[in-house]
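The structure appears below as C-alpha cells.
Read-outs throughout are calculated quantities, based only on the coordinates presented, and are distinct from any laboratory measurement. What you see is a predicted model; the values in this text were computed from it and never measured. Neighbour counts are summed over all protein chains in view; Cβ atoms, including those assigned to glycine, are modelled from backbone coordinates with ideal geometry.
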C-alpha cells in the first residue's frame, strides 16, 4: 500500500500550485485585464471534484480515527473536518462567480476578488495546519488497520490532472502548469513558491 500521508503531501503541493495559478489569474483580473476564465474554472472544477470528493473524504476518515486514538488531537481534527465542508462551499461559490464572469454576467469586481481571496487564504491555511499539526501525528498514531479502514471507506481514485492519465478537460491546465514550471526553471526559481 502506498504511503497515504506521502500521497496527501504530494497532493497538497499540487493544490498549492493550482492556488498560485488561480491567484495569478485574479491578479490579471484586478489589473482590469481579462483573465483566463476557462483555466480558473478548470482549477475550481478539479478542486471540487478531486480535492473535495476524493482527497478530503479520505482525510476525514483518517483524522476521525486519529481523534479516537489521540484525544489531544480532537480540537484541531474537528476544526479541519469542518473546514473541509467550508472549503467545498467556498469553492462552489467561487466557481459560480468565475462562470458568471466568463459568461459576461455583470458582477462587481470586488465580489469575485473577495471570493477568490477568501478561498485562497482559507485553503492555504488549512493545508498548512494539516501539514504542521495533524499529518505528523497521524504518522505516529495510526496503524496499518486504520489506513486499511480509510481505503475501505473511501477507495483511492486516480488523480485526473496530476496522475498518469490526464482527463481531456484538464489538458490545457496541465499544459499551463508545465509552462509555469519551465518559466520558473528558466528564472532559476522553484516553481510556485507557496508551500502547504
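Before moving on, here are some points about what is shown:
- Structure-derived Cα Rg over 2.2 N^0.38 Å: which label, when the choices are (1) 0.93; (2) 1.07; (3) 1.99: (2)
- Computing FRET efficiency as 1/(1 + (r/R0)^6) for residue 96 and residue 129, where r is the C-beta to C-beta distance and R0 is 25 Å, gives about 0.40.
- Helix 56-69 and the longest principal axis of the C-alpha atoms of the chain enclose an angle of approximately 30°.
- Here the spin labels are modelled as points 7 Å beyond Cα on the Cα-Cβ line, and at residue 174 and residue 118 they lie 3.3 nm apart.
- Degrees between helix 74-102 axis and first principal axis of the chain (Cα, 0 to 90, nearest 10): 20
- Degrees between helix 171-187 axis and first principal axis of the chain (Cα, 0 to 90, nearest 10): 90
- Stretching the chain fully between residue 139 and residue 157 yields a gain of 4.3 nm (0.36 nm per residue, less the alpha carbon separation).
- Residue 24 paired with residue 7, simple spin-label distance in nm, labels 7 Å along Cα-to-beta-carbon: 2.9
- Cα-based shape type of the stretch 124-185, given that a ≥ b ≥ c are square roots of the gyration tensor eigenvalues and the cut on a/c is 1.5: oblate
- Taking a ≥ b ≥ c as the square roots of the eigenvalues of the Cα gyration tensor, the stretch 52-142 is prolate, since a/c reaches 1.5 or more and a/b is larger than b/c.
- Each of residue 82 and residue 148 was given a label point 7 Å from its Cα along the Cα-to-Cβ line. The distance between the two points is 3.5 nm.
- For 81, 19, order by how many other beta-carbon atoms lie within 10 Å, fewest first: 81, 19
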